[in-house]
Amino acid sequence: SFELKIMGLISEGKPLPWEQAKKYAEHIRNHGINQFLSIYNKTKNRDKNYLLWGDEIEYMVIAYDDESKNAKLSLRTYDILHKLQKEVEETLRNGEIAEVSWHPEYATFVIEGVSLTCLLQVEQNMKLRRATASKYLNQNESIITLSSFPRFGCSDQFLEPHHEPFGPKLKSAFMPDEVLNPHIKYQTLNEGLRCRRGTDVTINIPIFNDKKNQNLFPECEKALPDHIYMDSIAFGGGCCCLQVTIQACNIREARKLYDQLAVLGPIMPLKNDRFVINKSRFDTIAYYISLDKTLKSEYNGSNSVYDRNIYNKLIDNGVDEILARHVAYLFIRDPLFVFEESLYQDDESSSNHFENIQSTNWQSVRFKPPPLNSNIGWRIEFRCMEVQITDFENAAFVIFMILLTRIILSYDLNFYIPISKVDENMATAYKRDALNTEKFWFRKNIFANFDGVEDEFEKMTINEIMNGKGNEFPGLINIIFQYFESMNIDIETRNHLGKYLEFIGMRASGKIQTAATWIRNFVRSHPNYKQDSIVSQEINYDLIKMVEETPELLSEFKIQ
């Protein structure tokens, strides 16, 4: 199978408490590097002559109380997931191909559907996933794709069944421990993140300022004025996303795609140590890693945080300086979970210690070596897209990303800008209505390599990046259509894929609203909205019903 899981294999065993686990951190790092070297030496010359890719969609399960007009998050996903996985097992036992695989996630109300399919059947497969999961729902339940549940963590009942907060695991004033997946790996991961941090989680997100705003957290010192305060990693772990993994032909191609897609990351979504680390595990990439001649040393900036001992070990074992620095940067992190039974491994036949560190670096793009004992190639995981409301939208973004990798490789495109500009773009992307009101650093000529640095890039709107800027910049979508012409793609296929590209172009231009804008407008126009920036229980109920009952929500978007 083509392994796509962001968490690697779900381990079983006895986890060590953090105070004990951290004593083995150096052991795991050292053997993790040995395991990487084993994989690298066995697969560095591996070539694949075909495109293989897959996508992952995370779904929320909703439970409705129609009498009280309340839409809640259902904690029944363990039972649903068990039935879905059993169906897959029966399919495989019958010698048939399973079109979808199902996996648990950090939050107990989320399930993940993973699929490999051809480019012309992406939306069809997404509809199949939704229909398959729906077979095992109760009558009052539904499955939706929404990046964040509007009333997640609110004081009244937002879970089915209801549980009280202030548990010993999350230690949250808003979130009960029951939102955390009961699997031992997620429980241990949560403890590792919280204990490793050493302080309570403090998250402040700017509130939408309306006419009758009020201070929502008047007695909390950690809450900033005019912000929504959150106190648990579960607020992030409970969000849903859309991810794409692409198998490259070889390691060289994978390294190029890693770099080029890292630049696109901010455009698509619409932080007692061994080191002082200027980026969190959840962030943009730290270093470009390609051996491409267009990669200039100054693009990687002055970030010098990486483990010198690991770096030297990799160099001594034949890894080039650029890739060695990337791996040595990942391995400045501590392992977040340690299982007593798997401490001592054969580094030639196991990769668990490597994956322990690799899979807990949640950057915008992930560079993935082939799994042990497989014929899989080197892969890249693009991780930063928000899940969309409809299957059509999700399919459009997946198809765009796959076609984007084709033009990057076919035309040897060069998106390089300094890493510092990528970071700046990501900060810009988080601003409200950034699509229509902000500009992003992007390379002016993506077909050429200039000698200067400052003259190579400028600020563009997402519309200009996607749809073009007259004679100054062609636009990524137009280049994809040129690629269709060069490949002599038949008219039926061109038209089929073209409708998704047309949607991406209209979304980039602002002619079709983003989900965030549509939701904000829905709330503000609701008859019960009091202009106080609060999504009430009834507003939330009507919103979730609209999301669920309008499978082709695009008909509700205003086309200007």
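The values are calculated or read from the model by the stated rules, or taken from the named source; none is laboratory data. Model, not experiment: these values are computed from the prediction. Please note: Cβ atoms are built from the backbone with ideal geometry, for glycine as well, and neighbour counts cover all protein chains shown. Note: accessible area is taken over every heavy atom of the protein model, side chains too, but ligands, DNA and RNA are not part of it. Shrake-Rupley method; radii C 1.70, N 1.55, O 1.52, S 1.80 Å.
Points to keep in mind about this one:
- Being modelled with pLDDT of 95 or more and within 28 Å of Glu424 (Cβ to Cβ) is a property that Asn449 lacks.
- Pairs are defined by a Cβ separation below 6 Å, a sequence spacing of at least 6 or placement on different chains, a first member in region 346-361 that is aromatic (Phe, Trp, Tyr), and a second member that is open to solvent by less than 30 Å² (accessible area, probe 1.4 Å) and modelled with pLDDT of 95 or more; the pairs so defined are Phe354/Gly32; Phe354/Gln35; Phe354/Phe36.
- Members of region 478-521 that are open to solvent by 10 Å² or more (accessible area, probe 1.4 Å), among the hydrophobic types (A, V, I, L, M, F, W, C) and farther than 29 Å from Asp542 by Cβ: Phe481, Met487, Ile489, Ile491
- Total residues in region 169-185, condition among the charged types (D, E, K, R), within 28 Å of His82 (Cα to Cα) and open to solvent by 70 Å² or more (accessible area, probe 1.4 Å): 2
- Single condition Phe484 does not satisfy, out of (1) more than 30 Å from Pro206 (Cβ to Cβ); (2) in a loop (DSSP other than H, G, I, E, B): (2)
- Test: residue in region 374-390 that is outside any strand (DSSP E or B) and surrounded by fewer than 17 Cβ atoms within 10 Å (Cβ to Cβ): yes
- Scanning region 404-440 for residues that are open to solvent by 50 Å² or more (accessible area, probe 1.4 Å) and in contact with a strand residue (DSSP E or B) (Cβ under 7 Å, 6 or more places away or on another chain) yields a count of 2.
- Failed condition for Ser342, given (1) touching a helix residue (DSSP H, G or I) at 6+ places or on another chain (Cβ under 9 Å); (2) within 24 Å of Pro266 (Cβ to Cβ): (2)
- Residue match in region 103-119 (condition: in contact with a Ser or Thr (Cβ under 9 Å, 6 or more places away or on another chain), over 30 Å from Leu51 (Cβ atoms) and of a type in the set (Phe, Trp, Tyr)): yes
- Verdict on Ile539 being at pLDDT 95 or above, surrounded by 14 or more Cβ atoms within 10 Å (Cβ to Cβ) and in contact with a helix residue (DSSP H, G or I) (Cβ under 7 Å, 6 or more places away or on another chain): yes
Results for (1) in a loop (DSSP other than H, G, I, E, B); (2) under 20 Å from Arg406 (Cβ atoms), shown as yes or no for each residue.
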{"site": "Glu464", "(1), (2)": "no, no"}
{"site": "Pro474", "(1), (2)": "yes, yes"}
{"site": "Ile480", "(1), (2)": "no, yes"}
{"site": "Ile489", "(1), (2)": "yes, yes"}
{"site": "Glu492", "(1), (2)": "no, yes"}
{"site": "Leu497", "(1), (2)": "no, yes"}
{"site": "Leu501", "(1), (2)": "no, yes"}
{"site": "Gly505", "(1), (2)": "no, yes"}
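- If only residues of region 159-168 that are open to solvent by 10 Å² or more (accessible area, probe 1.4 Å) and in contact with a Pro (Cβ under 9 Å, 6 or more places away or on another chain) are counted, the one that is nearest to Val523 (Cα to Cα) is His162.
- Any hit, region 322-330, residues being farther than 30 Å from Glu438 by Cβ and under 21 Å from the mean Cα position of the chain (by Cα): yes
- Extreme residue, nearest to Glu386 (Cα to Cα), among residues of region 219-234 that are of a type outside the set (Gly, Ala, Ser) and surrounded by 21 or more Cβ atoms within 10 Å (Cβ to Cβ): Ile233
- Test for Asn445: is it more than 24 Å from Thr390 (Cα to Cα), touching a Phe, Trp or Tyr at 6+ places or on another chain (Cβ under 9 Å) and buried (at least 20 other Cβ atoms within 10 Å of the Cβ): no
- Test: residue in region 392-401 that is modelled with pLDDT under 95 and open to solvent by 10 Å² or more (accessible area, probe 1.4 Å): yes
- The set of residues from region 186-200 being open to solvent by less than 20 Å² (accessible area, probe 1.4 Å) and either in contact with a Phe, Trp or Tyr (Cβ under 6 Å, 6 or more places away or on another chain) or assigned to a loop (DSSP other than H, G, I, E, B) (or both) comprises Tyr186, Thr188, Leu189, Gly192.
- Selection status of Phe457, surrounded by 15 or more Cβ atoms within 10 Å (Cβ to Cβ), among the hydrophobic types (A, V, I, L, M, F, W, C) and under 26 Å from Ala395 (Cα atoms): no
- Every pair of residues 6+ apart whose Cβ atoms lie under 7 Å, when the first sits in region 464-476 and is open to solvent by 10 Å² or more (accessible area, probe 1.4 Å) while the second is part of a helix (DSSP H, G or I): Asn467/Ile477; Asn467/Gly505; Asn467/Ala508; Asn467/Ser509; Gly468/Asn478
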